[in-house]
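One structure is given below, encoded as structure tokens.
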Amino acid sequence: MAKKQLVCALLWVSALVGPGPGPGPIIKHAYGYGGGAAASDFVKADGTSFTVNGQLFYPNGFNAYWLMSKASKPSEMDKVSRALRQASSHGMTVVRTWAFKDGGYRPLQSSPGVYNEDMFKGLDFVISEAKKYGLCLILSLVNNFNGKRQYVEWAMQRGENLTSEDDFYTNYLVKTFYKNHVKTILLRNNTKTGVVYKDDPSIMAWELMNEGRCTSDLSGLTMQAWIEEMAGYVKAIDRKHLLEVGLEGFFGGLDQNQEAIQYDSFASSRNVGSDFISNNQIHGIDFATIHLYPNLWIPHADDATQLSFLRDWIHSHSKAADEILRKPLLVTEFGKTSRFAGCNGVDKVAFYRTAYAVIYKLIRARSACAGGLFWQLLLPGMENLNDGYEIILSDCPSIANIISRHSRLISSLHSRHSLWGLTSTYR
């Protein structure tokens with residue numbers, strides 16, 4: 001890979017060949033930049049499509065929440081470089097990771113507005129290495145799990161009388177803490193590249209919260225108001241980058257009024273205080289997201305039923321994004337644990353094959369669904385981070401080949417859309 005800085009991955013594969021026993025070809029990234037980046041270099045939402053420099057872009061990648069933490073340790077920085085290099089060699093173009101670590105052991109933010117510079121330099125390194133390997137990033141700004149609680153605890157330490165972690169969404173001081181964190185991240189001057197985060201096109205998008213929920217208000221009004229406020233705040237600082245909420249895809253109280261049940265009855269029955277349609281219709285939210293974990297959500301279903309659920313979940317949300325939102329849809333997390341040892345179980349391989357097949361066919365059809373990011377990528381020797389969903393590409397040859405083939409297929413669509421039509425099939 002050339003040493004020059006590269007905009008997030010685009011476009012042409014060096015050779016379109018069938019899947020083989022080894023990793024896929026390295027993507028040839030068409031557009032580099034030096035110095036300042038033009039506005040056209042940023043990933044944009046155009047109707048229900050993503051574009052870069054006016055050309056269609058199909059995000060294809062992975063989650064690795066651990067990147068900043070590893071990058072902050074000199075003895076483990078190489079794991080970040082190896083993971084990003086490996087992902088790029090398999091044709092992946094987007095990585096989603098955390099731009100938060102609130103309180104606890106080795107935090108990014110130890111208390112409101114107090115930051116660990118070593119950890120921040122780790123995030124700087126992640127962004128610079130992603131740029132080096134032609135990957136762009138989705139950076140999440142807080143976690144529904146533990147993150148909300150930590151912000152509320154900080155406010156209580158300042159004398160606020162709070163009783164629920166869902167006070168995160170309504171308490172003025174807590175919201176101020178969160179806004180200050182957002183501002184600190186967006187205005188960070190990268191010590192590795194010299195580029196302020198809000199001006200860096202290697203960042204594809206900001207995410208307001210990972211899997212936000214508000215079970216104390218199932219009407220959906222509390223989260224709706226919070227998203228409106230925070231989307232406006234982010235866009236007041238940074239209008240160059242895309243913004244998404246971080247939703248899992250559940251419909252709630254507000255969406256019931258729009259007869260959302262016609263799109264997905266399961267999503268409508270699982271109200272967690274978020275609303276896939278209403279939340280994503282907010283001005284400033286540029287694209288919609290879903291997560292996908294059939295073995296968590298319907299754990300007693302057999303493999304065939306879970307695969308059917310997978311197809312229906314992606315199709316129904318893509319349809320809603322097409323018909324109501326008129327915005328792109330990205331599957332920002334999908335994964336499965338296996339009933340068998342390791343990641344080579346037939347159930348897990350079938351899940352990945354089906355997920356990528358569904359995504360690819362929707363991309364070919366020019367639907368709102370534009371890509372997917374699996375959960376999660378690890379390297380050999382990182383067993384302490386295993387959660388059953390991990391993919392270690394060298395240990396998972398079947399899934400690695402599925403990912404490489406998908407990368408080649410979606411790269412080929414750039415020319416096929418414009419030259420001779422869509423004739424490729426996914427088997």
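The values are calculated or read from the model by the stated rules, or taken from the named source; none is laboratory data. These numbers come from a predicted model, not from an experiment. Counting neighbours? That spans all protein chains shown, and the Cβs are built from the backbone with ideal geometry, glycine included. Areas reflect the complete protein model, heavy atoms only, side chains present, ligands, DNA and RNA absent. Shrake-Rupley method; radii C 1.70, N 1.55, O 1.52, S 1.80 Å.
Which percent of the Cα-Cα distances in the range 106-162 go past 17 Å?
53 percent
Please turn the phi angles of the range 57-68 into ³J(HN,Hα) values with the Karplus equation 6.51 cos²θ - 1.76 cosθ + 1.60 (θ = phi - 60°), one per residue in order, whole Hz, x for glycine and proline.
10, 10, x, 8, x, 7, 9, 8, 4, 7, 4, 4
How much of the accessible area of the range 131-220, in percent, comes from carbon and sulfur atoms when a 1.4 Å probe is used?
Working: 1430 of 3260 Å².
The computed percentage sits at 44.
Using only alpha carbon positions, build the gyration tensor of the range 300-391, then give the equivalent ellipsoid semi-axes as the square roots of 5 times its eigenvalues, largest first, whole angstrom.
The equivalent ellipsoid of the range 300-391 has semi-axes of 27, 15, 10 Å.
Keeping the other protein chains in place, figure out the carbon and sulfur percent of the accessible area of the range 286-427, with a 1.4 Å probe. Show your work: numbers first, answer last.
Working: 2730 of 5130 Å².
Its accessible area is 53 percent carbon and sulfur atoms.
From the gyration tensor of the Cα coordinates in the range 63-132, what semi-axes in whole Å does the equivalent ellipsoid have, largest first, with each one equal to sqrt(5λ)?
Those come to 23, 12, 9 Å.
Can you tally the net charge around ASP199? Count Lys and Arg as +1, Asp and Glu as -1, for every other residue whose Cβ sits under 13 Å from the Cβ of ASP199.
Summing Lys and Arg as +1 and Asp and Glu as -1 gives +2.
How much accessible area per residue does the range 268-345 have, in Å², with a 1.4 Å probe?
36 Å²
Suppose every Lys and Arg Cβ carries +1 and every Asp and Glu Cβ carries -1, with no other charges. What dipole size does the range 116-246 come out with about its Cα centre, to the nearest 20 debye?
That gives a dipole near 460 debye.
Go through the range 191-204 residue by residue and turn each phi into a ³J(HN,Hα) via Karplus (6.51, -1.76, 1.60, θ = phi - 60°); whole Hz please, and just put x for glycine and proline.
6, 8, 10, x, 9, 5, 3, 5, 9, 9, x, 6, 8, 7
Bin all alpha-carbon pair distances of the range 114-235 at 10 Å intervals from 0 and give each bin's fraction as a whole percent.
12, 40, 31, 15, 2
How would you rank 286-293, 212-219, highest first, on the average number of other Cβ atoms within 10 Å across their residues? Write down the numbers at each step before the final one.
Details: 286-293: 24.1, 212-219: 17.8.
Final packing ranking: 286-293, 212-219.
Around ARG188, with a cut-off of 9 angstrom between Cβ atoms, what is the net charge of the other residues, counting Lys and Arg +1 and Asp and Glu -1?
Surrounding charge for ARG188 is 0.
Only four residue types carry charge here, +1 at the Cβ of Lys and Arg and -1 at the Cβ of Asp and Glu. Report the dipole size of the range 45-168 about the Cα centre in Debye, rounded to the nearest 20.
Value, rounded to 20: 540 debye.
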